[in-house]
Structure formats: C-alpha cells, structure tokens
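First up is the structure itself, then whatever we jot down about it.
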Amino acid sequence: MFVSGFTIIRNAVKFDYPAVEAIRSMLPLCDEVVVLVGQSDDETLALIESIQDSKIRIEHSVWDDGLREGGRVLAVETDKAFERINPKADWAFYLQADEVLHEKYIDTVKNAMAFYQDKAEVDGLLFDYTHFYGSYDYIGTSRRWYRKEIRVIRNDKRIKSYRDAQGFRKEDEKLAVAAIPASIYHYGWVKHPELQQAKQQSFHKMWHTDQWMEKEIPKVKAFDYSQIDILKHFRGTHPSVMQGRIQNQNWTFSFDPTQARWTLKSRFMYWLEQQTGLRPFEYKNYKCVY
C-alpha cells in the first residue's frame, strides 16, 4: 500500500501557519508528501525546505488572486496538489496548513486504509475534528464548527476538491466514506491576536469583494477573540509536533464557559446535541457507508 500526502501553502510565515507541524504530522503515515507552495510575500519556501525530509516533494504554483468567490482558489490549488501525487498511490492524505494529525492516531489511520483498500465502494475516510480557539486550552463545540470531514481519499482523479477545499466530491456527487475514530486538530483560530487580524484581512479576499471587506472587516490592530458563543476546556494532549508552538505562546486568552453568548434557540440546539449526540440539519458533504 502506497500513501501520498498532499497540502498547499502560501504566506505561512507572514500569517503564522503551523505548516511545518502539519507536514511533519503527515510524514509517519505517508510514503511521500507533496507540498504545493504558492507565490508568497515571505520566506515560506525556505521554511518548507528547512524540514529536510526525503519524503517531501516541493512543487510550485501561482495562485489566481482574481478568484474571489467562495474560496474557490483554495479548491483549485488543492486539485493541483492532488494531481501531482505519485500515480501508484493507493490513498492520498490531505491536510490544510493549519491542521495537524496527532501521532496517537497514526496506527488507526494506517489500519483503516489497509482494511478498506479492497472495498471499492469506499471513496475516502472520514475524520472527527477538534477545533481550537483563542489558545491551545479551549475548543469550539457549538454548531458553527463542523464536526467531521474527509481527509483521506482514493487516488481517483474523478475526485475533486469541493467549494473552498473543506471537503471533496466525485463527479459532483458526495463521496461514500468510512468514519474512523481519529480526529484532526485544527489550529487556524490559535495565533497572536495581531496575526489573526492580519490573516482575516487577507484571507477573506478569497471569498469577498473589496466592498464587502471594507464594510465587514474591522480596521483594528488585533482580533477580538471574545466574540465567540461557547467554548470548552481542552483536557487532552496536543500532537508532539505542536509542543514548541505551545511553549512559545506569547499572548493570553481566557474564557468563562458559563458565560455563553447565544440565543435561546442556539442554547436548546446545543443542549439537544449534548444529550443525544444529534445535530439536526447538520451539513454533511459525504455519505457514510461504514
């Protein structure tokens, strides 16, 4: 069984993406990792080159900054990276530059890929998600955070990145997937408030017009992390590759979980989910067959 990893990255230094950690977390699972580096305003290329692992194959791309609707450019770049993996790969493991796989899940993912390799009806593997917010100590648990997404797909070029690259589809149909007991740790909302604000001012350009940006994105120096509905304390362990970042955190963030900011409807829906595990009307870009 041959496994290719793939990811895209641009301006990792400027916006403090844990891209190195994301890539390092993929290496034990993969026979190769294709890193598609977009034109950047910083030392992103040098950062990726500094990893110095023979499994990594760096490719180059120029992003179309004119694609400013629905984050489409992210899907375009993801498809480019997927196209460049080794043709002999059985499975492809995809991570975004702010996502990390905990080493405790390596065997779980490997075993699942081996188990489903000959089950042609399975297009991919579905992971749980753990979304960190504000610091490494809190996780988002409300409906604003997606709970699951596909991160392993077959090397089938009919499969394409969907919308803003959150997930995948095959010939515009939802993938048939097997859910596995492994979680992707998402750190996109954990960085210094000034860097988070800078990211917002750049990132939203992939979705919106200048007019929308002018109206909706505050012209402030630091991001206001306090405008969140509900968080929980994280009681687990972080991936080993993240320990350096955690030790070097240079800002403070705290949240009182008893002071949730939500409507009566949101409170009821949250209570229902906590009691039953169900999330009515949840968006699911996949079909679970196992």
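The values are calculated or read from the model by the stated rules, or taken from the named source; none is laboratory data. Everything numeric here is computed off the predicted structure, so don't read it as measured data. Ideal geometry is used to build each Cβ from the backbone, glycine not excepted, and the neighbour counts take in all protein chains shown.
Take D79 and decide whether it is surrounded by fewer than 22 Cβ atoms within 10 Å (Cβ to Cβ), touching a residue at least 24 places away in the same chain (Cβ under 8 Å) and over 19 Å from the mean Cα position of the chain (by Cα). The answer is no for D79.
Pick out the one residue from T258, T252, T237 that is among the β-branched types (V, I, T), in contact with a His (Cβ under 8 Å, 6 or more places away or on another chain) and part of a loop (DSSP other than H, G, I, E, B). From the options T258, T252, T237, the qualifying one is T237.
Checking each residue in the stretch 49-75 for being more than 21 Å from I184 (Cα to Cα), free of Cβ contacts under 8 Å to residues at least 60 places away in the same chain and not polar (S, T, N, Q) picks out E49, I51, D53, K55, R57, I58, E59, H60, V62, W63, D64, G66. Among the candidates A92, A19, the residue that is under 18 Å from the mean Cα position of the chain (by Cα) and closer than 30 Å to W212 by Cβ is uniquely A19. In the stretch 99-147, the residue that is farthest from L175 (Cα to Cα) out of those that are basic (K, R) and over 13 Å from the mean Cα position of the chain (by Cα) is K104.
Set side by side, the residues V13, V73 differ, and just one is in contact with a helix residue (DSSP H, G or I) (Cβ under 9 Å, 6 or more places away or on another chain), β-branched (V, I, T) and within 29 Å of I246 (Cβ to Cβ), which is V13.
Looking at D79, D53, just one residue is modelled with pLDDT of 95 or more, farther than 26 Å from A198 by Cα and assigned to a loop (DSSP other than H, G, I, E, B), and that residue is D53.
Within this structure, Y138 passes the test of being surrounded by 19 or more Cβ atoms within 10 Å (Cβ to Cβ), closer than 18 Å to D229 by Cα, touching a residue at least 24 places away in the same chain (Cβ under 8 Å) and aromatic (F, W, Y).
Put simply, of R158, R163, R151, R144 the only residue that is among the basic types (K, R) and surrounded by 16 or more Cβ atoms within 10 Å (Cβ to Cβ) is R151. The condition of being within 19 Å of N285 (Cβ to Cβ) and of a type in the set (A, V, I, L, M) holds for only one of A112, A92, A120, A97, that being A92.
Residues are listed down the side, and each one gets a yes or a no for (1) more than 18 Å from T130 (Cβ to Cβ); (2) surrounded by fewer than 10 Cβ atoms within 10 Å (Cβ to Cβ); (3) modelled with pLDDT under 90; (4) of a type in the set (F, W, Y):
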site	(1), (2), (3), (4)
K205	yes, no, yes, no
H208	yes, no, yes, no
P218	yes, no, yes, no
A222	yes, no, no, no
S240	no, no, no, no
I246	no, no, no, no
F253	no, no, no, yes
Q259	yes, yes, yes, no
L272	yes, no, yes, no
